[in-house]
Amino acid sequence: MEGKIYLNDNWFFNDCFKDEMINTEYDFTKNEEVRIPHTVKETPLHYFDEHEYQKEAAYFRQVYIPVEWKGKDILLTFEGVLHSCIVYVNGNAIGGHQCGYTSFRIRLNDCVNYGRDNVIVVYANSREDQNIPPFGFVIDYMTYGGIYRDVYIEVKNRAHIEDVFVSADMDGNIRMSVSATDDAKGLALESTVLSLIKKADGSFVSGEERLFVSEEYQPEDEKNEVIFNGKYENPLCWDTVSPVLYMMKTVLKDSGGNKVDEKNVRFGFRSAEFKADGFYLNGEKFKIRGLNRHQNYAYVGYAMPKNPQRNDVKILKEELGVNAVRTSHYPQSHYFLDACDEMGLLVFTELPGWQHIGDEEWKDRAVENVKDMVLQYRNHTSIILWGVRINESVDDDEFYLRTNEAAHDLDPTRQTGGVRCYKKSNLLEDVYTYNDFIHSGDNRGCDKKSSVTSDINKGYLITEYMGHMFPTKAFDWEEHRLEDALRHARVLNDVASNEDIAGSFGWCMFDYNTHKDFGSGDRICYHGVTDMFRNPKTAAYVYAEMQDEIPVLELSSSMDIGEHPGCNRKETFIFTNADSVKMYKNDCFIKEYRHDKSRFSDLYHAPIKIDDYIGDSLEKEENMPKAKAKDIKDILNEVAQFGLYKMTKASKIKAAKMMLFHHMRMNEAIDLYNKYIGDWGTGATKYRFEAIKDGRVVKEIVKTPMTKVSLEIKADHKNLKEENSYDVSSVRIRATDENGNLLNYFNEPLILSCEGKISIIGPKVISLSGGMGGTYVKTMKESGEGRLIVKDAYGNTMGKIDYSVEL
């Protein structure tokens, strides 16, 4: 029997485990019926106690085991149970696990009743006082609880393949290791490489086939592992632009040529190496530009199915324009990693933990976590580095020699790193991975490699920057949001200018719930370049403008001078990936801006400062001579940004010149300021910006005083389909004016409702924050149509999304 039998439906849940629940006589159906992924406690968006999800809970499910399965291997897999668990079948404890971030498998052969229903009970402990990673001290992220990843059964012949690991480099060299059960010894093994063709809907079909291995399975060591090496001529390489994937189809056959088992593994041909002078992908020097990602979502924590996981990869790659992600601080969903493989996003993944190192029992568990991580994730081509050190922990050579050795033993093809926040730390890994928080606004963006590590002959990678150094909320005032963006740009610019820095991962992709010891007191760390619903803050556009696929044009300002102290604009920046941006004021051309004038000279598509609000208007409208107009324009533009009392010496000299030689009176200067800068007492000022790419306008922004509020409501997908479990659509909501500009201070309540075959995850009444928010819509085991309706506090319908649901 091939394939997985998913057991994600028909579970029952009680948030308080009792010993009596193990008994076969216990009526578990009186508990709440749930579907997997499941969280033990839905939480508010913020202001809640982290103890709410720390429970010793119970899950129950009935499974019928056919008589036909007798004599087979029946394998039950849990992809993720937070954080330790014991599994009971028919009242007997048959296995468990002590890590919430890796999977485990249990053989059911000898503990089930064939031809009858069998009861599975899972004791799930999500308390944070356990002596297992990441627990033991404070943790800067919430850890949640529940069976939050897939559960499934596989039924196999006693002779079957247990694991296939494929690695392949840019030259077509393939290394494949195969392990199988004892009963498989002496059977024929045949492996074929299939090219995969990606269809328009994102699915794959197989193309050309080439035989790789055909010989008898005869392992010679106790691991039952056989290693095959071979060459694939003229492969198409996997990279971040063209993530070409292949499939290794491995079949076990009996003496009659009949298939006994089959295992398919996707892989890509790629070479990834950190060297002393940087990172190389397929032999070419490559600057890593990434963000850190937690795996949590509003309300349900970690418990999200396939599509929200994949959507995060799409946001990272397409909207934020990064080429890499660090799965901080633990292995994350295979759905997320699958999407990284398919979309071409490099991955640095690491063992669970945060700063604390426990006792010997704790360390032993951490070493096992490394082994599980490598074994379970090593077929993801996107992974380029294993993190084998507890994030930001102190040196512990004996411990980290073990974790490093475990990773290299199970995967000799990848390098290791270990994230630290200490300079000159003992380097036992292959790459010095360092959290560099030196930038504080008015200093350098990052440290030199040589000042951080003495191991200059090894690779060096910055794994965190920003974050707690400048927390930024979507509803912070404009200058704070801009400074956040500029700090990201300064770090990225300095990383780009240092050739021996392999790249960097910013902290972080989105805001996240955290413990009382961290964040802003409301249980949120506002460290993301997006909010918790993945709506972009200003800093997001620093990253977005570095990609070329989606046109980007954003402004750091609403152009309302009253937002700023003294009505002085300070700095305003354009974020764009266009060749140039034309600026108009009241439909009069002011200036065309280009990236080559940016202060961030080493960034691709760097932010551009606006330095002119007047253009040649003084010459045209006031009939001023060119030289006089230039001097007055320079004065007015400077005063507009920094105020009258902060004029530079040069502007003061020009002002004196206007009074002495041109006899300009103060009231004349005030009239010019009000007309061209202050906009007081005149008609509404209209600013228009046109992004020009290859000679044509690809995007436009219009800034005028708002007269109407609208809601921009976007779903990541509207055709919902239940596959292994329920489907979820991620919905992002933004309040905008009539020109589509975000209304940052529109924090009003919205009322959500559903019709048809869908339901809402989380509250039905929400408030926007910084003009943005979101919700999630999920399927309910029924096919048909559904509709999400969004109303304001007065009951007016502001928008809707129509869905189709397929089972």
Quick one, what does Rg over Rh come out to for segment 581-681 if you take C-alpha atoms and the Kirkwood Rh? 1.00
Beyond 19 Å, how much of the Cα-Cα pair distribution for segment 322-409 remains, as a whole percent? 36
Rounded to the nearest 5, what % of DSSP beta bridges with both residues in the chain are antiparallel? 80
Note on segment 1-159: the mean projected area of its alpha-carbon convex hull, in nm², is 10.1
Where the centre of each part is set by its Cα atoms, how far does segment 680-756 sit from segment 607-650, in angstrom? 34
Charge-dipole axis of segment 198-253 as Lys and Arg at +1 and Asp and Glu at -1 on Cβ define it, positive-most pick from VAL226, TYR246, PHE212: TYR246
Given a cut-off of 34 Å, what percent of all Cα-Cα pairs of the chain lie beyond it? 56
Tell me, what HN-Hα J-couplings in whole Hz come from the Karplus equation 6.51 cos²θ - 1.76 cosθ + 1.60 at θ = phi - 60° for each residue of segment 128-134, using x for Gly and Pro? 9, 9, 7, 8, 9, x, x
Quickly rank 262-274, 498-510 as a protection proxy: mean count of other C-beta atoms within 10 Å, highest first. 498-510, 262-274
Hypothetical label at ALA93: residues of segment 116-150 whose amide nitrogen lies under 15 Å (7 Å Cα-Cβ projection): 121-125
Hydrodynamic radius of segment 684-807 per Kirkwood, over alpha carbon pairs, in Å: 16.1
Per residue, in Å², the accessible surface of segment 704-807 once ligands and nucleic acids are set aside, probe 1.4 Å: 46
Give me the orientation-averaged projected area of the Cα convex hull of segment 166-290, in nm², one decimal. 10.2
I'd like to compare 226-236, 128-138: which one has the highest average count of other Cβ atoms within 10 Å, and what's the full order after that? 128-138, 226-236
Once normalised by the length of the chain, the mean sequence separation of its alpha carbon contacts under 8 Å that are 6 or more apart gives a contact order in percent of 9
I'd like to know how segment 751-807 sits against the 2.2 N^0.38 Å rule of thumb: what's its Cα Rg over that expected value? 1.17
Label points 7 Å out from Cα along the Cβ direction at ARG444 and ASP110: separation in nm? 6.3
What helix-only [θ] at 222 nm does the chain give? Using -39500 (n - 2.57) per DSSP H run of at least 4, over all residues, to the nearest 500, the answer is -4500 deg cm²/dmol
Could you derive backbone 3J(HN,Hα) for segment 59-65 from the dihedral phi with the Karplus parameters 6.51, -1.76 and 1.60 (θ = phi - 60°), listing whole Hz in sequence and x where the residue is Gly or Pro? 10, 9, 8, 9, 10, 8, 10
Cα-centre dipole for the chain with unit charges at Cβ (Lys and Arg positive, Asp and Glu negative), debye to 20: 2780
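Find the all-direction average of the projected area of the Cα convex hull for segment 91-187, expressing the result in square nanometres with one decimal place.
Values: hull surface 44.3 nm².
The number I arrive at for segment 91-187 is 11.1 nm².
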Run the Debye formula on the Cα coordinates of segment 448-593, all scatterers equal and no solvent, and tell me log10 I(q)/I(0) at q = 0.09, 0.10 1/Å. -0.36, -0.44
Listed residue (THR779, LEU768, VAL731) projecting farthest to the positive dipole end of segment 722-807, Cβ model: LEU768
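The values are calculated or read from the model by the stated rules, or taken from the named source; none is laboratory data. All of these numbers come straight from a predicted model, not from anything done at the bench. Backbone-built Cβ (ideal geometry, glycine too); neighbour counts: all protein chains shown. Remember, those area values only see protein heavy atoms, side chains included, never the ligands or the DNA or RNA. Shrake-Rupley method; radii C 1.70, N 1.55, O 1.52, S 1.80 Å.
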